[in-house]
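Notes follow once the structure below has been shown.
The numbers here are math on the coordinates, done by the rules we state, and not lab data. Predicted, not measured: the structure shown is a model, and the values here were computed from it. Heads up, the Cβs are rebuilt from the backbone with ideal geometry, glycines too, and the neighbour counts pull from every protein chain shown.
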Amino acid sequence: MTRADTPWRATILTLYPEMFPGPLGLSLSGDALARGDWTLEARNIREHGLGRHRSVDDTPAGGGAGMVLRCDVLAAAIDAAAVGAATGADDPRPRLLMSPRGRPLTQARVRDLAAGPGALIVCGRFEGVDERVIAGRGLEEVSIGDYVLSGGEIAALVVLDACVRLLPGVMGKMESGVEESFEGGLLEYPHYTRPRDWEGRAIPDVLSSGNHAAIARWRRAEAERITAERRPDLRDGSVAGQAGSRSITGPSRS
Ligand code: ADE
């Protein structure tokens with residue numbers, strides 16, 4: 001099933017619209033874009049810049065290094081991008097602001113976003129954006145991890161990729177069942193394929209046994225072992241939106 005009639009709509013507000021669709025123009029997301037399962041509009045915030053130089057930033061109030069994205073400029077860009085009214089009040093899409101200060105993105109949030117009408121995503125640059133526009137335009141700050149990127153564009157690509165792969169019809173049958181097949185916030189078990197012996201490393205015997213119950217038990221035990229080793233936080237519920245939820249890992253061939 002595809003959503004050709006009501007595609008998932010992404011609008012990006014950025015100073016670098018040329019960065020989109022970037023890698024999302026290829027592979028699964030690119031095919032889905034070409035099919036019309038989702039749409040992508042990258043709008044340049046500078047179109048709402050001030051004066052002859054279309055200036056979008058200014059020095060921080062109170063002093064200090066760097067520049068701050070102006071609230072009036074960003075609000076104008078958001079209002080123009082939102083459908084329906086000049087205030088954007090009619091646009092049902094969540095408005096995200098990519099920022100290392102945001103709530104960490106989780107698969108649970110990705111699922112919610114993918115199930116909705118789309119997203120309007122603001123990509124920050126400079127030292128940050130004027131705080132007033134965050135409340136004034138209802139922006140949800142989202143981080144993709146505890147490190148600092150040079151801007152929100154790559155983070156926005158990450159959010160889009162995670163959402164688009166969940167849209168109906170985007171992933172093949174093989175991959176699409178996986179989120180449901182790993183209950184309990186576990187990382188994925190290891191995968192193997194031919195050859196059976198490679199450089200002295202053999203595939204675990206159980207996987208060639210034909211005993212499906214034993215294979216399922218082994219996979220579950222491996223998933224639990226790997227999760228306990230690498231991400232105990234996923235099991236103990238300290239990661240918001242993950243505990244008791246489903247696997248955050250990628251597609252498998254199971
Ligand atoms: N912009 C800069 N760093 C970021 C991060 N870690 N997540 C989201 N947006 C960002």
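Here are the numbers for the structure shown:
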{"read-out": "Computed FRET value (nearest 0.05) for Asp90 with Tyr147, which takes r as the C-beta separation and R₀ as 35 Å", "value": "0.45"}
{"read-out": "Inverse of mean 1/r across different Cα pairs in region 25-160, Kirkwood, Å", "value": "15.9"}
{"read-out": "Spin-label pair Ala65/Arg194, simplified geometry with 7 Å Cα→Cβ offset, distance in nm", "value": "5.7"}
{"read-out": "FRET efficiency estimate (nearest 0.05) - Cβ-Cβ, Glu229 to Arg201, R0 30 angstrom", "value": "0.95"}
{"read-out": "Residue-by-residue Karplus 3J(HN,Hα) for region 155-166, coefficients 6.51, -1.76, 1.60, Hz, glycine and proline x", "value": "4, 5, 4, 4, 4, 4, 4, 4, 6, 4, 5, 8"}
{"read-out": "Label zone at Ile154 (point 7 Å along Cα-to-Cβ), backbone N below 18 Å, region 108-142", "value": "122-128, 142"}
{"read-out": "Sequence-distant residues sharing a close amide H with Glu140 (under 5 Å, placed H)", "value": "Arg95, Leu96, Leu97"}
{"read-out": "Percent RCO, i.e. relative contact order, over region 1-80, from Cα pairs under 8 Å lying at least 6 residues apart", "value": "28"}
{"read-out": "Amide H contacts under 5 Å for Val129, placed H, 5+ residues apart", "value": "Leu69"}
{"read-out": "Base-10 log of normalised Debye intensity for region 25-94 (one unit scatterer per alpha-carbon) at q = 0.19, 0.22, 0.24 Å⁻¹", "value": "-0.87, -0.95, -1.01"}
{"read-out": "Rounded to whole Hz, the Karplus (6.51, -1.76, 1.60) HN-Hα couplings of region 123-133, x for glycine and proline", "value": "9, x, 9, 6, 6, x, 10, 4, 3, 5, 6"}
{"read-out": "Net length gained if the chain between Ala214 and Glu41 were fully extended (0.36 nm per residue, minus Cα distance)", "value": "57.4 nm"}
